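Have a look at the structure below, then the notes.
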Amino acid sequence: MLLFVVFSLNQFARRSASAGSMYTYTSRGLGAATGVFSGWTLIWSYLFIGVAGLTGFAVFAAQFLAALGVHAPPPVIFFAISALACWYIAYKDIRLSSILTLVLECLSVLCILSLAAIVLFKHGFSVDTDQIKLKGVGFHGLSLAVVACIFSLVGFESATALGGEAKNPLRNVPRAVIWSLILIGLFMVIMGYVEVFGTRHYGTPLSSIAAPLNVISKIYGVSYFKIPLSLGAMVSFFSLSLSCLNAGSRIIYPMAQHLVFPRRLGRAHATNGTPHVAITVYVAIMFLVPTVLEINTNPLTTFGDAGTLAAFGFLLAYFLISIAAPVYLAKRHELRPRHIVVAVLAFLCLLVPTVGSFYPLPPYPVDIFPYIFLGYVLVGGIWLFAVSRRRRGLLAEIETDLENTLHAHEQRALPGSTAVDVASAGAIGPLGEAAGAAE
């Protein structure tokens, strides 16, 4: 399903490189108003995925300290540590953020795959035929499960938000998007199989285990894995929050330059070239959400709820980009039948989790989450209406600015040209504000 979305997304990524990700892409296909809606939903999605990262960090930080025999402080302390570290790295340098995220994630994945090898081969390799035959699996639970899977796989598109800062973006960004999804998808399938297989005869159902990998390490007599696994999970969730902070702030950035948000949010740091104001505001909200919810709930519950809420935003953004791609190609006189087929397949596949969000009716409070998201979308529509009324011709100016920016970046992103910096991205048209950052 998501590969069809990627094929649509990469129609834009191969042709233009700028900050803003699917906000600017959708605007070029379906107009500024629809693009603003896409950006609005992505801000929601990256925010709640970032919240899930903070809460996941807190859960496994407590597990890590417990393995060392140390009493854990309140979860809010861990929220603050992760949020502050994310802010500092994102504020300083996108190159540092990207490399650090990649290194930390590779170490985490290596540790997890080591445990997976122990589970699969410690007592001789055998195949779990119940899983291969999908025993006990039916459509009744499948559609809602797809929503959870989307939560686990989203983020592959966030590389497009860094198109304005990437080296050779017209080549590297599409590659990053598609390989991120393929590799993460394979990893998810393998570890899903391992966790079901490894906990099959354990007394507690897998769905009720907060730290399944730690439990598996105990079952298979390698309890010493608890410390590196917990540390690796902490690192992974920290990286998750960091990547969402980078992606979300770089959607706020061009929208602020287009005056959808206060202009101050569209400023870039004069030395670092990062959208420091948007980063600071975004991470503050990201920290406040789980901190406030901590009054009545716990990090593990917030983690699951935040991921589900985020998935709805991504679904809408994916719908829009799948529709926008053939429209955009038609405007460029490059539309082919295969592009229409891909868009239709993406749209039809996305209907599965959409329907599954409402039927069969999920338990409370998940059953009201779609309506909470719809309320947020309604607020966005009211906000856009008010802004466009206050500044007549705003939407037309955004489209003109995006078109001018597109032509400029197409020239600058050609092989052999220098990388485009975030400060110049989106700052070329009539709404642009020179942010003054060096490449």
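The values are calculated or read from the model by the stated rules, or taken from the named source; none is laboratory data. Keep in mind the model is a prediction, meaning the values are calculated, not measured. Positions of Cβ are generated from backbone atoms using ideal geometry, with glycine treated the same way; all protein chains shown enter the neighbour counts. To get the accessible areas, we keep the full protein, side chains included, count just its heavy atoms, and leave off ligands, DNA and RNA. Shrake-Rupley method; radii C 1.70, N 1.55, O 1.52, S 1.80 Å.
Among residues of the range 376-394 that are without any contact (Cβ under 8 Å) to a residue 40 or more places away in the chain and of a type in the set (Asp, Glu), none has a Cβ under 7 angstrom from a residue that is open to solvent by 50 Å² or more (accessible area, probe 1.4 Å) and assigned to a helix (DSSP H, G or I) at a sequence gap of 6+ or on a separate chain. Taking every residue in the range 92-103 that is open to solvent by 50 Å² or more (accessible area, probe 1.4 Å) and pairing it with any residue that is of a type in the set (A, V, I, L, M) and not in a loop (DSSP other than H, G, I, E, B), at least 6 positions away or on another chain, the pairs with Cβ-Cβ distances below 7 Å are Leu96/Ile89; Leu100/Ile89. Exactly one residue among Val6, Val59 is open to solvent by less than 10 Å² (accessible area, probe 1.4 Å), more than 13 Å from the chain's Cα centre (by Cα) and closer than 28 Å to Phe238 by Cβ, and that residue is Val6. Residues in the range 254-267 that are open to solvent by 10 Å² or more (accessible area, probe 1.4 Å), touching a residue at least 24 places away in the same chain (Cβ under 8 Å) and not in a helix (DSSP H, G or I): Leu259, Arg267.
Just one of the listed residues (Thr271, Thr280) is of a type outside the set (A, V, I, L, M, F, W, C), open to solvent by 40 Å² or more (accessible area, probe 1.4 Å), out of contact with any strand residue (DSSP E or B) (no Cβ under 6 Å at 6 or more places or on another chain) and modelled with pLDDT under 90, namely Thr271. Within the range 192-229, being acidic (Asp, Glu) and open to solvent by 50 Å² or more (accessible area, probe 1.4 Å) holds for no residue.
Selection of the range 9-34 for residues being within 17 Å of Pro169 (Cα to Cα), among the small types (Gly, Ala, Ser) and either modelled with pLDDT of 80 or more or part of a helix (DSSP H, G or I) (or both) yields only Ala13. Checked across the range 142-153, the condition of being farther than 20 Å from Ile49 by Cβ and open to solvent by 40 Å² or more (accessible area, probe 1.4 Å) holds for at least one residue.
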